[in-house]
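See below for the structure under consideration.
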């Protein structure tokens, strides 16, 4: 094609998924544009745990080192059943490369990603929202809404990390198989003396499941599949203060496909490129 493309990959959505992709692609030598519809980062933390597998995958990009430095490693675990202790012990493995699960609020985790992006010369463009895209046979043409008006971006690839209501997924008509009914979750951050407990405690009870994670000095995040299960833990009278509390629904869903080839293999010397739109 005669037109010079704006970037190799346009990524819609600058949450942990979009930022991970931007870091990996930039390190691999691709020109990346990373956009997000929010003017600022979210002011609350949905997630708080980064598991070992994720940390190992992020290690080559310099992200894991930052997360581990800022976070709190989980070194011990206890799992209770309805009437007895099922597992109790240390979380460890013999592999030299093993990284322990780490507690870090999503706000701080995203700061670690942002630092890595800045080190690689990538800035998140805010507020910029993907509105539509078109298969132009030799590239993807995307239409972006910005605070300064509408914008057009051309790229070899379009990667959708734009959440539940993904414009990319809808635009590609990718089926999204979702559970019919949600799990109603209760979660809260509380000040409580948890010094004698494990870093990670799990209850599997008749009424549901619950988890408690140490996230700071005498600070614990509780999450349960319902409020009744949380009450069944017998900890409410020991809580000194609750700093955050939320009730929300969790659906389980899976897309049929993570990538759609929008057009055929293109011969573009000195290499061949297969432009794609991708949902992650």
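The values are calculated or read from the model by the stated rules, or taken from the named source; none is laboratory data. Computed from a predicted structure; not experimentally measured. Cβ coordinates were reconstructed from backbone atoms using ideal geometry, including for glycine residues, and neighbour counts include every protein chain displayed.
Scanning the range 186-202 for residues that are touching a residue at least 60 places away in the same chain (Cβ under 8 Å), crowded, with 21+ Cβ neighbours inside 10 Å and part of a strand (DSSP E or B) gives a single hit, 201.
When residues in the range 101-125 are screened for being over 18 Å from the mean Cα position of the chain (by Cα) and either part of a loop (DSSP other than H, G, I, E, B) or without any contact (Cβ under 8 Å) to a residue 12 or more places away in the chain (or both), 5 of them pass. The conditions of being surrounded by 16 or more Cβ atoms within 10 Å (Cβ to Cβ) and within 30 Å of residue 30 (Cα to Cα) are met by residue 154. Among the conditions (1) at negative phi; (2) outside the structural domain of residue 117 (by TED's automatic domain parsing); (3) more than 15 Å from the chain's Cα centre (by Cα), the only one that residue 62 does not satisfy is (1). Checked against the criteria, residue 258 counts as in the same structural domain as residue 138 (by TED's automatic domain parsing) and modelled with pLDDT of 80 or more. Does any residue of the range 214-221 turn out to be on the phi > 0 side of the Ramachandran plot, assigned to a loop (DSSP other than H, G, I, E, B) and surrounded by 12 or more Cβ atoms within 10 Å (Cβ to Cβ)? Checked against the condition, which is being on the phi > 0 side of the Ramachandran plot, assigned to a loop (DSSP other than H, G, I, E, B) and surrounded by 12 or more Cβ atoms within 10 Å (Cβ to Cβ), the range 214-221 yields at least one hit. Scanning the range 2-30 for residues that are surrounded by fewer than 23 Cβ atoms within 10 Å (Cβ to Cβ), touching a residue at least 24 places away in the same chain (Cβ under 8 Å) and out of contact with any helix residue (DSSP H, G or I) (no Cβ under 9 Å at 6 or more places or on another chain) gives 3, 5, 6, 7, 17, 21.
Does residue 86 fit the bill of being at pLDDT 95 or above, over 18 Å from the mean Cα position of the chain (by Cα) and surrounded by 20 or more Cβ atoms within 10 Å (Cβ to Cβ)? For residue 86, the condition - at pLDDT 95 or above, over 18 Å from the mean Cα position of the chain (by Cα) and surrounded by 20 or more Cβ atoms within 10 Å (Cβ to Cβ) - is not met. Step by step: first the residues of the range 222-251, then only those that are in a strand (DSSP E or B) and modelled with pLDDT of 95 or more, then the one that is farthest from residue 183 (Cα to Cα). Which residue is that? Result: 241.
From 224, 209, which residue is in contact with a strand residue (DSSP E or B) (Cβ under 6 Å, 6 or more places away or on another chain) and farther than 22 Å from residue 68 by Cβ? Walk me through how you get there before you give the answer.
Working: 209 fails: in contact with a strand residue (DSSP E or B) (Cβ under 6 Å, 6 or more places away or on another chain).
Only one candidate qualifies: 224.
Within the bounds of the range 130-146, is there any residue that is farther than 23 Å from residue 19 by Cβ and free of Cβ contacts under 8 Å to residues at least 12 places away in the same chain? For the range 130-146, residues farther than 23 Å from residue 19 by Cβ and free of Cβ contacts under 8 Å to residues at least 12 places away in the same chain: present.
Might you check whether a residue that is in a strand (DSSP E or B) and either touching a strand residue (DSSP E or B) at 6+ places or on another chain (Cβ under 6 Å) or within 28 Å of residue 137 (Cβ to Cβ) (or both) occurs anywhere in the range 53-71? Checked against the condition, which is being in a strand (DSSP E or B) and either touching a strand residue (DSSP E or B) at 6+ places or on another chain (Cβ under 6 Å) or within 28 Å of residue 137 (Cβ to Cβ) (or both), the range 53-71 yields no hits at all.
Criterion applied to 167, 79 was being buried (at least 20 other Cβ atoms within 10 Å of the Cβ), out of contact with any helix residue (DSSP H, G or I) (no Cβ under 9 Å at 6 or more places or on another chain) and in contact (Cβ under 8 Å) with a residue 40 or more places away in the chain, and the one residue passing it is 167.
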